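The structure appears below as structure tokens.
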Amino acid sequence: MKRILRRAVLAILLLLAALYPLYLAVGNWYLREGGLQKLLNRRPERMSIVWDSAWTSWPGVVHVEGFRMRSQSRVFQWWLAVDRGSVDFDMLSLRNRELLIGGIQGRGTSFRLRRRLDAPPRSALSRPELYPGIPGFENPPDPKPEEIYPRRPRSKPWHIRISGVQLDDVREVWVEEYRFAGRARVAGGFDLRVRERVEVEPTRVELFAGGFALGSGERAFPILAQMRGRMYGKIEAYDPQRFKGKEVLRFLSGRADVDGRVESLEFLDLLFRQTRWVDVRLGPGPMSADIRLRRGRFLAGSELEARPAWVTMDFLDYRAEGPGAARWTVDPNGDDLEGRLALAFERFTLRRNGYKVSHVRGSDLRIAAVSEEPRIGGLFKPRRVAIDMAKAEVPDLTFYNAYLPANVGMALTSGSGTMSGHFRAAAPDWRGSGELRLDARSVGARFEDRRLRGNLKVHSRLRRVDLGDKRFDLSGSDVELTDVVSLSATPMQGGSWWARIHLDQAVISPGAPVFLRAKVESTLSDPRPLFSFLAPESRNRLIRWVDRLLDVQGVGAVADVEIGGGYVDVDHLAIAGGEAQVLGRFRLGGEERRGILYASLGKLDVGVELEGTKRDWKILRPKKWFESYPPFE
């Protein structure tokens, strides 16, 4: 029996030895003459597989050079190119519409994938102009392959299983607008049952060198360079009929630990697309990332940190620039998670849009944004944004003349100061609040031909800011003037002057015909400036008593103020202290200087009318004259 068995085994071995040369001859002839390519490319509009040369040295093992494969479904088009490789597959499984591959090895690999433009839904954030080109395929295809080859409903779907992929020298991976180019190694596998089930087995990617960008060529947006690191991940089994496009990423789990150099993070514009009043851009610099995922959800501890050479932030009509750092993290918030983006300027300058010269400079400006739980496809949906500016320098206050109405005769002539502030805003309406402080010393100012100098403190309370409409409620803000002296030839008598001004109600609407409306309450050391500007000391002995008003100390004042593009209106002005009372209305703008004033001290009273440089004193029934004076037009 044993003798018969040995003879049978020997016969089989001799038969295989005899058939092996035949297999080499027939198999390599079949590969060389293109018979297999013709068999595989019966539907080139759906799938095409070609190679420059191929040979086999053992049944089920095929070596190829210049391998290229393209395919498209109803949603995606993709292309794979391998310079040299080998495939080990089970030929007998092909009878049951199965392709079972024990291993694929390759060198010099490129892979591209893009969404068909006629395959809805497409994300509003996608940028098809940055999609890769797929040799041999138009996008969208014309004609469509699903119309040329209608699906046979009863056909058994193909089952493709690749248990071992080893790809060295991976040069390019380009998925939609995201492109890696460099040198990497990929090891993994996948299991596919067409139309029924897709699974990507645990896969490892090693990045030796390379860059990451949006798109390629002249339209590319470089993001990262000098990339090194490792990535591990898998995609759990899912139904491809039910989950398509980026929905598949909800089955992705893994970790990426990558270092590199930031070339540009212009794509951060996507992070703030819901907050168009703030825009952030980062320059080149080192970067490190540790990203952790479980079934498409970022895990606590995920972070990305960059130290760019410069950071630019546009906030409303202002731009801050300087070197700094950016850090994005995923942090726990109770039972939930939230994303945090922190930008910190080590040094910065601030300038208004349209101006070449900065007007504020400092060393500590911070921006923090908090988002909902980050998800792939919804990386950053901000809920809150905070901006904090520590003490900064304002080297030249004359910049703020740009905020004063033109042709009203008022201007800042000199001075410097310090500024600090903070601001908070929240979704969904993006209304916020904050404050801004300005402290300036030896500020020079001019009103018509009079020159003044003094100290200034401004505490702007941003009670309510509507960022969509750019409307700022500054009610509750305070302005303090101290040690004010006149530098003109006719100085104010009585030494320095002070005032504390409170904006009981104040609203600023930049760009509107009337950009400031305010109700002002204030305390003045005395009413000298008012009379100095509008009713200089009288030489008429009959109204000499008016000069006594200048000695009234600690007077209160209220007024309604309205500022437009070229004028200032002061209405319902009322100053009172002891027996003194002063009422007035004024309009300044362009060539127009108009105003009326009523002053009383006990039983004595007088009126003054201002028109241009002319002043007309009203002695007869001045109060009635004042009350019946028509509105300014």
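The values are calculated or read from the model by the stated rules, or taken from the named source; none is laboratory data. Model, not experiment: these values are computed from the prediction. Every residue, glycine among them, receives a Cβ derived from its backbone with ideal geometry; neighbour counts consider all protein chains shown. Just the protein is used for accessible areas: all its heavy atoms, side chains included, with ligands, DNA and RNA removed. Shrake-Rupley method; radii C 1.70, N 1.55, O 1.52, S 1.80 Å.
Summary of values
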quantity: Some residue of the range 411-418 being within 27 Å of GLY589 (Cβ to Cβ), in contact with a Phe, Trp or Tyr (Cβ under 7 Å, 6 or more places away or on another chain) and either at pLDDT below 95 or not in a strand (DSSP E or B) (or both); calculated: yes
quantity: Residue tally, condition more than 24 Å from GLN105 (Cα to Cα), surrounded by fewer than 17 Cβ atoms within 10 Å (Cβ to Cβ) and not acidic (Asp, Glu), over the range 194-215; calculated: 2
quantity: Residue that is modelled with the highest pLDDT, among those in the range 500-514 that are within 25 Å of ALA406 (Cβ to Cβ) and surrounded by fewer than 18 Cβ atoms within 10 Å (Cβ to Cβ); calculated: SER509
quantity: Within the range 572-594, tally of residues that are open to solvent by 30 Å² or more (accessible area, probe 1.4 Å) and touching a Lys or Arg at 6+ places or on another chain (Cβ under 7 Å); calculated: 2
quantity: Near pairs, Cβ below 9 angstrom, 6+ apart or cross-chain, from the range 514-529 (assigned to a helix (DSSP H, G or I)) to any residue that is open to solvent by 10 Å² or more (accessible area, probe 1.4 Å) and of a type in the set (S, T, N, Q); calculated: ARG528/GLN493; PRO529/SER486
quantity: In the range 486-499, residue modelled with the lowest pLDDT [restricted to those that are in contact with a helix residue (DSSP H, G or I) (Cβ under 9 Å, 6 or more places away or on another chain) and in a strand (DSSP E or B)]; calculated: SER486
quantity: Failed criterion for MET231 (all others in (1) without any contact (Cβ under 8 Å) to a residue 40 or more places away in the chain; (2) part of a loop (DSSP other than H, G, I, E, B); (3) crowded, with 16+ Cβ neighbours inside 10 Å hold); calculated: (2)
quantity: Condition check for LEU92: at pLDDT below 70 and either outside any helix (DSSP H, G or I) or crowded, with 17+ Cβ neighbours inside 10 Å (or both); calculated: no
quantity: Evaluation of LEU481 against (1) part of a strand (DSSP E or B); (2) modelled with pLDDT under 90 (one fails), failing number; calculated: (2)
quantity: Residue count for the range 163-177, restricted to those that are surrounded by 17 or more Cβ atoms within 10 Å (Cβ to Cβ) and part of a strand (DSSP E or B); calculated: 8
quantity: Selected residue (criterion: least open to solvent (accessible area, probe 1.4 Å)) from residues of the range 547-571 that are farther than 21 Å from ARG593 by Cα and modelled with pLDDT under 85; calculated: LEU549
quantity: Test for GLU201: is it more than 30 Å from the chain's Cα centre (by Cα) and either of a type in the set (D, E, K, R) or not in a strand (DSSP E or B) (or both); calculated: yes
quantity: Residue count, the range 445-471 (criterion: of a type outside the set (S, T, N, Q), without any contact (Cβ under 8 Å) to a residue 40 or more places away in the chain and open to solvent by less than 40 Å² (accessible area, probe 1.4 Å)); calculated: 6
quantity: Candidate set: the range 595-633, residues that are crowded, with 19+ Cβ neighbours inside 10 Å and among the hydrophobic types (A, V, I, L, M, F, W, C); chosen: the one farthest from the chain's Cα centre (by Cα); calculated: VAL606
quantity: Unmet requirement for GLY133, which otherwise passes all of (1) closer than 26 Å to SER253 by Cβ; (2) open to solvent by 30 Å² or more (accessible area, probe 1.4 Å); calculated: (1)
quantity: Residue that is nearest to PRO527 (Cα to Cα), among those in the range 601-624 that are in a strand (DSSP E or B) and of a type outside the set (D, E, K, R); calculated: LEU601
quantity: Pairs, first under 23 Å from VAL394 (Cα atoms) in the range 418-435, second in a strand (DSSP E or B) and among the polar types (S, T, N, Q), C-beta under 7 Å, six or more apart; calculated: ARG424/SER433; GLU435/SER460
quantity: Filter result for the condition that a residue is under 28 Å from ALA256 (Cα atoms), buried (at least 16 other Cβ atoms within 10 Å of the Cβ) and aliphatic (A, V, I, L, M), over ALA320, ALA306; calculated: ALA306
quantity: Per-region count, the range 382-417, residues touching a residue at least 60 places away in the same chain (Cβ under 8 Å) and open to solvent by less than 40 Å² (accessible area, probe 1.4 Å); calculated: 6
quantity: Condition broken by ASP191, with the remaining ones in (1) farther than 22 Å from PHE298 by Cα; (2) open to solvent by 30 Å² or more (accessible area, probe 1.4 Å); (3) in contact (Cβ under 8 Å) with a residue 12 or more places away in the chain satisfied; calculated: (2)
quantity: Residues (under 14 Å from the mean Cα position of the chain (by Cα) and under 27 Å from PRO395 (Cβ atoms)) located in the range 311-363; calculated: VAL311, THR312, MET313, ASP314, PHE315, LEU316, ARG319, ALA320, LEU343
quantity: Qualifying residue in the range 350-359 (condition: assigned to a helix (DSSP H, G or I) and either out of contact with any Leu (no Cβ under 9 Å at 6 or more places or on another chain) or closer than 23 Å to ALA445 by Cα (or both)); calculated: no
quantity: Residue count, the range 367-403 (criterion: at pLDDT 80 or above and either over 30 Å from GLY301 (Cα atoms) or of a type in the set (Lys, Arg) (or both)); calculated: 15
quantity: Residues (under 15 Å from ARG464 (Cα atoms) and in a strand (DSSP E or B)) located in the range 422-442; calculated: HIS422, PHE423, ARG424, ALA425, ALA426, ARG431, GLY432, SER433, GLY434, GLU435, LEU436
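Quick grid of which residues meet (1) over 17 Å from GLU346 (Cβ atoms); (2) touching a Leu at 6+ places or on another chain (Cβ under 8 Å); (3) not acidic (Asp, Glu):
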{"position": "GLY285", "(1), (2), (3)": "no, no, yes"}
{"position": "ALA289", "(1), (2), (3)": "yes, yes, yes"}
{"position": "ARG292", "(1), (2), (3)": "yes, yes, yes"}
{"position": "GLY296", "(1), (2), (3)": "yes, yes, yes"}
{"position": "ALA300", "(1), (2), (3)": "yes, yes, yes"}
{"position": "PRO308", "(1), (2), (3)": "no, yes, yes"}
{"position": "PHE315", "(1), (2), (3)": "yes, no, yes"}
{"position": "ALA320", "(1), (2), (3)": "no, yes, yes"}
